[in-house]
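This report refers to the structure that appears directly beneath it.
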Amino acid sequence: MDTELEVENLREQLDTWNYQYYVLDQPTVPDAEYDRCMRRLLQLEVSHPELVRPDSPTQRVGAVPLTQFHQISHEVPMLSLDNAFDAQDLRDFNRRLLERLGGAVEQLEYACEPKLDGIAVSLLYRDGQLQRGATRGDGTTGEDITLNVRTIPSIPLHLRGDGFPALLEVRGEVYIPTAGFEQLNTRAREQGDKTFVNPRNAAAGSLRQLDARITAQRSLEMCCYGVGLVNGGALPDHHDRVLDRLQEWGLRINAESGVVCGIDACDDYYEALAVRRESLPYDIDGIVFKVNDLALQQRLGFGSRAPRWAIARKFPAQEEMTRLLDVQFQVGRTGAITPVARLEPVFVGGVTVSNATLHNSDEIERLGVRFGDTVIVRRAGDVIPQVVSVVMERRPPDAHPISFPDRCPVCGSAVEREAGEATLRCMGGLVCAAQQKAAIKHFASRRALDIEGLGDKLVEQLVDEGLLENVADLYVLERERILGLERMGEKSADNLLLALEQSKRTTLPRFIFALGIREVGEATALSLARYFGSWETLSAAREEQLLEVDDVGPVVADHLVQFFDSPSSMGVVAALREAGVNWPDLELLPVEDLPLSGQTWVVTGKLQALGRNDAKRHLQALGAKVAGSVSARTNCVVAGPGAGSKLTRADELGVEVFDEQAFLALLADHGVTI
Ligand code: IVH
């Protein structure tokens, strides 16, 4: 084929795939195929530099760093939005509009859009080519960030199709999805770098980089919500239809956007999204309501700071200020010592928070936090509350530094930090009452030996009274001693003894998991059980054999070997078996005979009983391959609530879909109980 034609075809193909993936959220090809085409295009462009064009999909990687950003001025100012904090504010807004329109309309149609928490960006397309990207700045003057926006995959370098105005300024929000934010901060923590306080700061910090190659490495996305300057062409006369056109031209718009009639329906939209806020893959801080009819928008006009035809109804804040009262050091099951901030209770992210994690000593140092400081606490989604920064202006003169204990706060043993780890650990092992309690609670938990009636409080009581030191002691508990405990009746004691008796009959995967070996979670326990079949074979295995197991890397293998080599650990196992804890051995299946061998599965949406990652690990342990996108080769899809395009695609292709209930039933059929 003629090289020029091949280059053109490759670009068109890659642009289409990008559009399907980033704008429509409907991936159609495996990554490998996409990468192959991209490599081929790069190869051709290297050998034929005359064919390189600035809007080629290869031209996104970032360029030579700038020394400063140039200022640009917005011909049409980028305004802000007025806020509504409750349903009444929203009602007042609607009433004001109806009054202004002088009774010409009875009910207004509103476009409703999630208010993404990122930074506002303007994109200027001339004859369909991306010419300039700019920040909002003060609304009149912003910064030229063209090189940076060019690296964001959801921003097209040229518009698709036709019919677009010769000059089109598109506006929207650049943001970082929650997963990208957490990844970024985890990496920063591991490397001892400064973490970002929230996704909005992370987006701003990633976008305003003089070196666009850094921007290119951050998972930024853009959602468009309107237009600015438009010249040489017309757009539809309703806001929602303008957005539809933008989408046709290759720009991403928010999939949650909708149009409703009247202010009551706006309330409904707000309430419905408030419920789903936590499960969205990005942060939103409210809902924006806009009069949908552009002619009415024009009649309503602008105030000095914001349009009169739009308002943002805010959600309760996810960040609040409070005071750090104290720091307690908690000792976990593996001896890890976690500093926990005790806070003056504060209402944030919909709940009252009085504790927040401080992770480890590095984090305390990085935050520079002291006793008595005023701090900003963040609670977003299901993530545990975090202290994200210190309000220095409010530091009291007597604020004193926090020092880490050099002995375990529970058992007084030495603490150590393993090479390359940020975590300090108590070296007391099972001598430490905190570790004893945590290990016993884990052993008794629902997914382990499932000892009903042995709750956390009771475990603490039993350890504190000296009746228990390790899990094997559970099976020699005497009725009289149990009855001697405070608030323990005959019935409860008998129930506990019965539950203990019943728990003796278990399964090998549960037993392995229950032992609480470091880094050995449920899915790894299952893989180990399936691979080795019996405790004898497993506990005799050496590192090389362990590494053969799916899911087991050098770290896990090392923890396993340490466990098998530890006389005290193996003593506990022997005592458990002596007491009658038993399970059937597993039939050994070659890997290709696992129940789901040869199948490809996709997991999407939010699962309730188990996380998506756990679902994937269970599937892998059963032999399935887990893919990121649905294609004709997909055998089954597990879809939780909130599943979107992947579910639609599965339906289109006639792929079998399991809801969570059905999926759990399938796992149970294969011996996995959640
Ligand atoms: S419309 C003239 N729509 O919120 C109207 N703004 O508080 C201007 N934002 O600077 C904005 N999502 O960065 C609009 N769907 C949305 C939005 C949105 C987020 C941001 C935007 C703006 C800020 C105003």
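Annotations for the structure displayed:
- Candidate set: the stretch 461-480, residues that are open to solvent by 60 Å² or more (accessible area, probe 1.4 Å) and not hydrophobic (A, V, I, L, M, F, W, C); chosen: the one farthest from Ala514 (Cα to Cα): Glu480
- Every residue from the stretch 1-21 that is open to solvent by less than 60 Å² (accessible area, probe 1.4 Å) and in contact (Cβ under 8 Å) with a residue 40 or more places away in the chain: Thr3, Val7, Arg11, Leu14, Asp15, Asn18, Tyr19
- Subset of the stretch 263-290 (residues that are within 11 Å of the ligand (Cβ to nearest atom), within 20 Å of Gly349 (Cβ to Cβ) and either in a strand (DSSP E or B) or aliphatic (A, V, I, L, M) (or both)): Ile284, Asp285, Gly286, Ile287
- Residue within the stretch 636-643 that is over 22 Å from Ala179 (Cα atoms) and out of contact with any His (no Cβ under 7 Å at 6 or more places or on another chain) present: yes
- Filter pass, Asp293 being out of contact with any helix residue (DSSP H, G or I) (no Cβ under 6 Å at 6 or more places or on another chain), free of Cβ contacts under 8 Å to residues at least 60 places away in the same chain and not basic (Lys, Arg): no
- Per the listing Leu546, Leu485, the residue uniquely over 27 Å from Ala668 (Cβ atoms), free of Cβ contacts under 8 Å to residues at least 60 places away in the same chain and buried (at least 21 other Cβ atoms within 10 Å of the Cβ) is Leu546.
- Qualifying residues in the stretch 642-666 (those that are more than 24 Å from the chain's Cα centre (by Cα) and surrounded by 18 or more Cβ atoms within 10 Å (Cβ to Cβ)) - the one farthest from Ser597 (Cα to Cα): Val655
- Tally of residues being under 19 Å from Arg417 (Cβ atoms) and either over 24 Å from the mean Cα position of the chain (by Cα) or open to solvent by less than 40 Å² (accessible area, probe 1.4 Å) (or both) across the stretch 359-376: 6
- Which listed residue, of Ala202, Ala274, Ala255, is under 21 Å from the mean Cα position of the chain (by Cα) and open to solvent by less than 20 Å² (accessible area, probe 1.4 Å): Ala202
- Within this structure, Leu97 passes the test of being out of contact with any Gly (no Cβ under 8 Å at 6 or more places or on another chain), within 16 Å of the ligand (Cβ to nearest atom) and either at pLDDT 90 or above or not β-branched (Val, Ile, Thr) (or both).
- Matching option when the condition is touching a Ser or Thr at 6+ places or on another chain (Cβ under 7 Å), surrounded by 13 or more Cβ atoms within 10 Å (Cβ to Cβ) and under 30 Å from Tyr21 (Cβ atoms), among Ala639, Ala615: Ala639
- Conditions (1) more than 24 Å from Ser645 (Cα to Cα); (2) in contact with a Gly (Cβ under 9 Å, 6 or more places away or on another chain); (3) away from the ligand (no atom under 11 Å from the Cβ); (4) not in a strand (DSSP E or B): number failed by Ala295: (2)
- Members of the stretch 224-238 that are closer than 18 Å to Ala255 by Cβ and open to solvent by 50 Å² or more (accessible area, probe 1.4 Å): Tyr225
- Subset tally (residues that are touching a Gly at 6+ places or on another chain (Cβ under 6 Å) and hydrophobic (A, V, I, L, M, F, W, C)) for the stretch 100-119: 1
- Any hit, the stretch 412-419, residues being open to solvent by 50 Å² or more (accessible area, probe 1.4 Å), over 20 Å from Gly332 (Cβ atoms) and within 32 Å of the chain's Cα centre (by Cα): no
- Val346 passes every criterion in (1) touching a residue at least 40 places away in the same chain (Cβ under 8 Å); (2) in a strand (DSSP E or B); (3) surrounded by 15 or more Cβ atoms within 10 Å (Cβ to Cβ) apart from (1).
- Any hit, the stretch 210-223, residues being at pLDDT 95 or above and open to solvent by 60 Å² or more (accessible area, probe 1.4 Å): no
- Against the test of being outside any loop (DSSP other than H, G, I, E, B) and open to solvent by less than 20 Å² (accessible area, probe 1.4 Å), the options Ala575, Ala525 yield a single qualifying residue, Ala525.
- Every residue from the stretch 67-94 that is away from the ligand (no atom under 16 Å from the Cβ), surrounded by fewer than 16 Cβ atoms within 10 Å (Cβ to Cβ) and among the hydrophobic types (A, V, I, L, M, F, W, C): Ala87
- Of all the criteria given as (1) touching a Cys at 6+ places or on another chain (Cβ under 8 Å); (2) within 30 Å of Gln191 (Cα to Cα); (3) open to solvent by 30 Å² or more (accessible area, probe 1.4 Å), the one not satisfied by Val431 is (2).
The values are calculated or read from the model by the stated rules, or taken from the named source; none is laboratory data. Here the structure is a predicted model, which means the values were calculated and not measured. Heads up, the Cβs are rebuilt from the backbone with ideal geometry, glycines too, and the neighbour counts pull from every protein chain shown. For the accessible areas, the whole protein counts, side chains as well, though only heavy atoms, and no ligand, DNA or RNA atoms are used. Shrake-Rupley method; radii C 1.70, N 1.55, O 1.52, S 1.80 Å.
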